[in-house]
Amino acid sequence: MKKLVVANWKMYQETSQDASRLLSSIKRRIKHARADVVVCVPSIFLQAAGKALRGSNLVAGAQDVSRFGEGAYTGEVSARMLKAAGATHVIVGHSERRSMGEDEATIAEKLLRTLEEKLIPILCVGEKTRDSSGRHFAVIEAQLRSALGRGGKKLPVLVIAYEPVFAIGKGADAALKPMELQETAIFIRKTVASLFGRTGGLSVPILYGGSVEAANARGLMKEGGIQGFMVGHASTNPVEFAEIVQHVSA
Ligand code: PGA
């Protein structure tokens, strides 16, 4: 399975000049990477990002999508609009959106809208806390089942980003430990297999997100049982991001 790194710029870049400067620096530094790289930008920068990345080994993605296809929905951006603007991937169900009130039904609809436009959803799942009783597995399973349970018999083309909420936005030490990640990645595969069969479970790409930095990327990649990362704060530092991509490509 080809490795993948998703940059999640969140709301860190303020102007289109900032965005294009960062994009060209990233592009230059990862020219020879053997992993696929998706840069998920705020939708206002999407068109420019798509254009800037044309002909490179990077593609542009969106950070969210409307649950509606079209119509009178003030402020919403549809999957078709994202596609027309140049997105190939869309983050769906990020914990920062869940914490703003996005529920499981909404996430399932957003996933469907994304797939209808042949965009690749990056479905985020992850527990808020962990304890030794293992209740976090039930949380992850419920999120996967409600997002994917309505999608038919065949596993759609999608990426799962496993992001434990407590590890997001901190520093390298706060990330999950590689062995904990490996156990969770196996659990996610088993859950997907129970919905779509063994081949589905084995073939779905799983990324880890939550304080991935150059300092922990190697270990997580080596032992975590994953196909790559979703990177937040470290994706806006081109030197650090290039180093992470390097570890994923190795
Ligand atoms: P972080 O964010 O790398 O800053 O922890 C990851 C994410 O929220 O996708």
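The values are calculated or read from the model by the stated rules, or taken from the named source; none is laboratory data. These numbers were taken from a predicted model, which means no experiment stands behind them. So basically every Cβ, Gly included, is an ideal-geometry build from the backbone, and we count neighbours across all protein chains shown. Remember, those area values only see protein heavy atoms, side chains included, never the ligands or the DNA or RNA. Shrake-Rupley method; radii C 1.70, N 1.55, O 1.52, S 1.80 Å.
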So, first residue hydroxyl-bearing (Ser, Thr, Tyr) in the stretch 1-23, second residue assigned to a helix (DSSP H, G or I) and within 16 Å of the ligand (Cβ to nearest atom), Cβ within less than 7 Å, six or more apart or across chains; the pairs are TYR12/THR236
Next on the checklist: Condition (residue is within 16 Å of the ligand (Cβ to nearest atom), within 16 Å of PHE187 (Cα to Cα), touching a Pro at 6+ places or on another chain (Cβ under 7 Å) and of a type outside the set (Lys, Arg)) applied to the stretch 78-91: is it met by at least one residue?
Outcome noted: no
Pairing a residue in the stretch 231-247 that is over 16 Å from LEU220 (Cβ atoms) and at pLDDT 95 or above with any residue that is of a type outside the set (D, E, K, R) and buried (at least 19 other Cβ atoms within 10 Å of the Cβ), where Cβ atoms lie under 6 Å and the two sit 6 or more apart in sequence or on different chains, gives PRO238/ILE26; ALA242/ILE30
If we keep only residues of the stretch 93-111 that are aliphatic (A, V, I, L, M) and open to solvent by less than 50 Å² (accessible area, probe 1.4 Å), then the residue nearest to the ligand (Cβ to nearest atom) is ILE107
If we keep only residues of the stretch 125-142 that are without any contact (Cβ under 8 Å) to a residue 24 or more places away in the chain and assigned to a helix (DSSP H, G or I), then the residue most open to solvent (accessible area, probe 1.4 Å) is ARG135
- [ ] Would you check if LEU181 is in contact (Cβ under 8 Å) with a residue 24 or more places away in the chain, part of a loop (DSSP other than H, G, I, E, B), aliphatic (A, V, I, L, M) and within 16 Å of the ligand (Cβ to nearest atom)?
- [x] no
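Let's see how each residue does on (1) within 28 Å of SER25 (Cβ to Cβ); (2) surrounded by fewer than 18 Cβ atoms within 10 Å (Cβ to Cβ); (3) within 12 Å of the ligand (Cβ to nearest atom):
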{"site": "ALA193", "(1), (2), (3)": "no, yes, no"}
{"site": "ILE206", "(1), (2), (3)": "no, no, no"}
{"site": "ARG218", "(1), (2), (3)": "yes, yes, no"}
{"site": "ASN237", "(1), (2), (3)": "yes, yes, yes"}
{"site": "GLU243", "(1), (2), (3)": "yes, no, no"}
{"site": "GLN246", "(1), (2), (3)": "yes, no, no"}
Counted residues in the stretch 157-167 being assigned to a loop (DSSP other than H, G, I, E, B) and open to solvent by less than 30 Å² (accessible area, probe 1.4 Å) come to 3
Some residue of the stretch 16-32 being farther than 18 Å from ALA234 by Cα, hydrophobic (A, V, I, L, M, F, W, C) and more than 16 Å from the ligand (Cβ to nearest atom): no
Exactly one of ILE168, ILE160 is within 12 Å of the ligand (Cβ to nearest atom), aliphatic (A, V, I, L, M) and under 29 Å from ALA79 (Cβ atoms), and that one is ILE168
In this structure, does THR106 turn out to be free of Cβ contacts under 8 Å to residues at least 40 places away in the same chain, part of a loop (DSSP other than H, G, I, E, B) and β-branched (Val, Ile, Thr)? no
Of the listed residues (ALA48, ALA62), the one being open to solvent by less than 10 Å² (accessible area, probe 1.4 Å), touching a residue at least 24 places away in the same chain (Cβ under 8 Å) and aliphatic (A, V, I, L, M) is ALA62
